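The values are calculated or read from the model by the stated rules, or taken from the named source; none is laboratory data. Quick caveat: nothing in here was measured; it's all calculated off a predicted structure. FYI the Cβ positions are ideal-geometry reconstructions off the backbone, even for glycines, and counts take in every protein chain you see.
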Amino acid sequence: MIDDGTTAETGSLLGAGSEFEGKLAFLGTVRVEGRFQGEIRSDDTLVVAHGGDVSGKLDVGTLIVAGGVVRAEVLARRVVELHPGGRLIGTVTTPSFQIEKGAVFEGTCRMPDDPPGEPGPPEAGAPSPT
């Protein structure tokens, strides 16, 4: 159990006072308590904890915002969770979006019928793949 109420076990950490700009790809769970700007890609879990500040483009399995701030274009293939004190500003595409009392969401959300990243049925009149 993480001290902010989330249950994801942390594999890697960008600690308080740290700053990183660029691209990040990872397996498991990454917890951000510092500042990150750029692109993050993973099929796993990104936790933005108290003091964390993430901006850019996120393509993750699960996004948990637990006291930190995210300013991004977000694609979360499983779920986005906003916990009290968490703030998410931007566009979100996810099949499940949980916002707890005390969290803030400013932006737009798209919740498609098909899970993000999985091909849907071809559109009528569209050429079939060969």
Item to complete: Could you list all residues from the range 61-74 that are farther than 11 Å from Gly90 by Cβ and either of a type in the set (Lys, Arg) or surrounded by fewer than 20 Cβ atoms within 10 Å (Cβ to Cβ) (or both)?
Response: Gly61
Item to complete: Consider Gly86 carefully, then state whether it is over 11 Å from the mean Cα position of the chain (by Cα) and buried (at least 19 other Cβ atoms within 10 Å of the Cβ).
Response: yes
Discussion item. Can you list the strands (runs of 3 or more DSSP E) lying wholly within the range 65-116 that have 2 or more residues being in contact (Cβ under 8 Å) with a residue 12 or more places away in the chain and among the hydroxyl-bearing types (Ser, Thr, Tyr)?
Written reply: 87-93
Worksheet item: What is the number of the single condition among (1) buried (at least 20 other Cβ atoms within 10 Å of the Cβ); (2) on the phi > 0 side of the Ramachandran plot that Gly52 does not meet?
Response: (2)
Item to complete: Go through Leu58, Leu13 for me and flag whichever is surrounded by 14 or more Cβ atoms within 10 Å (Cβ to Cβ), assigned to a strand (DSSP E or B) and at pLDDT below 95.
Response: Leu13
Worksheet, complete the sentence: Flagged in the range 19-49 as of a type in the set (Phe, Trp, Tyr) and over 14 Å from the mean Cα position of the chain (by Cα), in numbering order, are Phe20
Discussion item. Looking only at the range 46-73, count every residue that is among the hydrophobic types (A, V, I, L, M, F, W, C) and more than 20 Å from Leu13 (Cα to Cα) and tell me the total.
Written reply: 0
